[in-house]
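Taking it in order: structure first as structure tokens, then the write-up.
The values are calculated or read from the model by the stated rules, or taken from the named source; none is laboratory data. Nothing here was measured: the structure is a model prediction, and the numbers come from that model. Positions of Cβ are backbone-derived with ideal geometry, glycine not excepted, and every protein chain shown enters the neighbour counts. For the accessible areas, the whole protein counts, side chains as well, though only heavy atoms, and no ligand, DNA or RNA atoms are used. Shrake-Rupley method; radii C 1.70, N 1.55, O 1.52, S 1.80 Å.
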Amino acid sequence: MADFYCAYSDALDEGELESWPEFFTEDCLYKVTPRENFEAGLPIALIYCESRNMLVDRVVALRETALFVPRTVRHLTGNIRLRAMEPDGLRLTASFALFHTMVDQRSEVFLCGRYHDRVVEDGGGLRFAERICVYDSTIVPISLVYPV
Amino acid sequence: MADFYCAYSDALDEGELESWPEFFTEDCLYKVTPRENFEAGLPIALIYCESRNMLVDRVVALRETALFVPRTVRHLTGNIRLRAMEPDGLRLTASFALFHTMVDQRSEVFLCGRYHDRVVEDGGGLRFAERICVYDSTIVPISLVYPV
Amino acid sequence: MADFYCAYSDALDEGELESWPEFFTEDCLYKVTPRENFEAGLPIALIYCESRNMLVDRVVALRETALFVPRTVRHLTGNIRLRAMEPDGLRLTASFALFHTMVDQRSEVFLCGRYHDRVVEDGGGLRFAERICVYDSTIVPISLVYPV
């Protein structure tokens, strides 16, 4: 499980965006939402994808955007905890801090928060059936075009 | 042990302050002190609690303060190392980075340092008999009203 | 392996610089290089040491510099992954975030990036035969006089 989480972060940090959708099941749910909304049970999210195909679309969009503002991202993930074993998969949470680096600038924290995941076996390996990325801030970080 | 550390961080990050004292033994020692004092062997600490009851008092005080400056805190803990097995418990150290997020502001690092812990079995689980939080900076971060 | 990585970070974070070269083999390669150069395959590096003796020299130089700008450094290392087992050692990668704290200032991130390591058994324990520290920014952080 730790390996799976590491591989996910590494793929994004290495800029291997095209492999990112492969970490999800075909009918996955991927959401990025502020903590405020998550705790209030509001369905509104900054990013809402309900299939792997929608993730693929995001990668295409990102490749275009990324041309204009080159940046690198670095994930630090910790506190990976199994919360429940359910018939539809394993429920886990993990904390993340994301650092980004723009050309000619210093690295800085741009987002931290918690993953709420459901992981299943699929296609001979592990995949996210659900990854809800709940970030701590109330403002919308412009960098959020990049996967969390 | 990793689970115990994760649970501690999660409780604080989720704002479950009332469960925080439960991570400590009844006659625990909890201190927050700058590295300078720690290395010089000075007993002076910014926060000094020598029982679980004193931690409970802090939570009450914090609940009142928190009403005025809402913030969320995020712990990243790493480098958990067993340093010694002694008759009175396990000695461990771990590094921490704390990020906080204020309303309408970006997340930022506000403290990093090292835990110096003594962990014992108590009440059917693990508890801190001692947790000395040594932070790297020499200034007093105002956010330190929140548990480290 | 996790222990070895933790011990490395701890030695640096505790300021035990003199023990730092001991984490490397006698004919080690230690490089600190921006991601841009690394990905382009450029040999140019900010720091380039090809023996343990050169690391010892750096420590001496650093002790002198450190007198002028006292700072403490804190490593958070994550995503440690075994990439290959080769006849000449284990290939691993890991992500790092480095925080530094100057006197009377708050802690802040000053560098993040990835280690590209080759680890071998040597002298009854593990040692780095190679540690390439690839940092994400394009600018030269002045603090880089300190080992990554």
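Rounded to the nearest 100 Å², what's the accessible area chains C and A bury against each other, both chains counted, probe 1.4 Å?
In total, this chain pair buries about 1800 Å².
What's the long-distance tail for the stretch B:1-51, i.e. % of Cα pairs beyond 12 Å?
In whole percent, the share of Cα-Cα pairs in the stretch B:1-51 beyond 12 Å is 70.
May I ask for the angle, rounded to the nearest 10°, between helix C:2-13 and the longest principal axis of chain C, with both axes built from Cα atoms and the value confined to 0 to 90°?
Computed tilt is about 30 degrees.
Less than 15 Å Cβ to Cβ from residue C:102, Lys/Arg counted +1 and Asp/Glu -1: what total charge do the surrounding residues give?
Once positives and negatives cancel, what remains is +1.
List the residues of the stretch B:84-103 that lose 40 Å² or more of accessible area once all protein chains are present, compared with their chain alone (1.4 Å probe, heavy atoms only, no ligands or nucleic acids).
B:99
Could you please report the charge total around residue C:145, scoring K, R as +1 and D, E as -1 over all other residues with beta-carbon less than 13 angstrom from its beta-carbon?
Residues near residue C:145 contribute +1 overall.
Roll a 1.4 angstrom probe over the protein heavy atoms and tell me the percent of accessible area of chain A that is carbon or sulfur.
Heavy-atom surface of chain A belonging to carbon and sulfur, 1.4 Å probe: 55 percent.
State, to one decimal in nm and shortest first, how far the label point of residue A:54 sits from each corresponding label point in the other identical copies (label point: 7 angstrom along Cα-to-Cβ).
The projected label point of residue A:54 is separated from its counterparts by 5.2, 5.2 nm.
Pairing the Cα long axis of helix C:52-66 with the longest principal axis of chain C, what angle in degrees results, from 0 to 90 and rounded to the nearest 10?
Long axis of C:52-66 versus the principal axis of chain C: about 10 degrees.
Using 7 Å Cα-to-Cβ label points, what is the residue A:40/residue A:14 separation (nm, one decimal)?
Going by the 7 Å Cα→Cβ label model, 4.1 nm.
What does the charge count around residue B:89 come to, taking other residues whose C-beta lies under 10 Å from its C-beta (Lys +1, Arg +1, Asp -1, Glu -1)?
Counting the neighbours of residue B:89, the net charge comes to -3.
Please report the relative contact order for chain B, taking Cα pairs under 8 Å with a sequence separation of at least 6, and give it as a percent rounded to a whole number.
Answer for chain B is 25 percent.
When ligands, DNA and RNA are left out and all protein chains stay put, how many square angstrom of accessible area per residue does the protein assembly as shown have with a 1.4 Å probe?
In whole numbers, the protein assembly as shown has 44 Å² accessible per residue.
Which ³J(HN,Hα) values in Hz, rounded to whole numbers, follow from the phi angles of the stretch C:41-47 under the Karplus curve 6.51 cos²θ - 1.76 cosθ + 1.60, where θ = phi - 60° and Gly and Pro get x?
Working through the residues one at a time gives x, 6, x, 4, 9, 6, 10 Hz.
So the label point sits 7 Å from Cα along the Cα-to-Cβ vector; using that for residue C:102, what distances do you get to the other copies, in nanometres, sorted shortest first?
2.2, 2.2
Could you work out the mean count of beta carbons from other protein chains within 10 Å of each residue's beta carbon in B:111-117?
Whole-number average of other-chain Cβ neighbours for B:111-117 is 4.
Using square roots of five times the C-alpha gyration tensor eigenvalues, list the equivalent-ellipsoid semi-axes of the stretch A:1-99 in whole Å, biggest first.
The three semi-axes for the stretch A:1-99 are 23, 17, 15 Å.
Considering only DSSP states other than H, G, I, E and B, which GluC sites (Glu not before Pro) in the stretch B:31-137 qualify as loop sites with at most 13 other Cβ atoms within 10 Å?
Loop-located and lightly packed - B:50.
Would you mind giving the mean number of other chain beta-carbons within 10 Å of the Cβ of each residue in B:28-41, as a whole number?
1
For the stretch B:7-78 and the stretch B:116-132, what is the separation of their Cα centres, given in Å?
Spelled out, the Cα-based centre of one part sits 14 Å from the other.
Only loop residues by DSSP count here, and only those with at most 14 other Cβ atoms within 10 Å; note down the chymotrypsin sites (Phe, Trp or Tyr not before Pro) in the stretch C:54-129 that meet that.
C:68
Might you work out the accessible area of residue A:85 for me, using a 1.4 Å probe with all protein chains in place, and round it to the nearest 10 Å²?
Surface accessible to solvent at residue A:85 totals approximately 150 Å².
To the nearest µm²/s, what D does Stokes-Einstein give for the protein assembly as shown at 20 °C and 1.002 mPa s, using the Kirkwood radius over alpha carbon pairs as Rh?
Stokes-Einstein gives a translational diffusion coefficient of 93 µm²/s.
Would you kindly work out, in nm and rounded to one decimal, the distances from the label point of residue A:65 to those of the same position in each other copy, ordered shortest first, with label points 7 Å along Cα-to-Cβ?
Label-point distances to the other copies, shortest first: 3.8, 3.8 nm.
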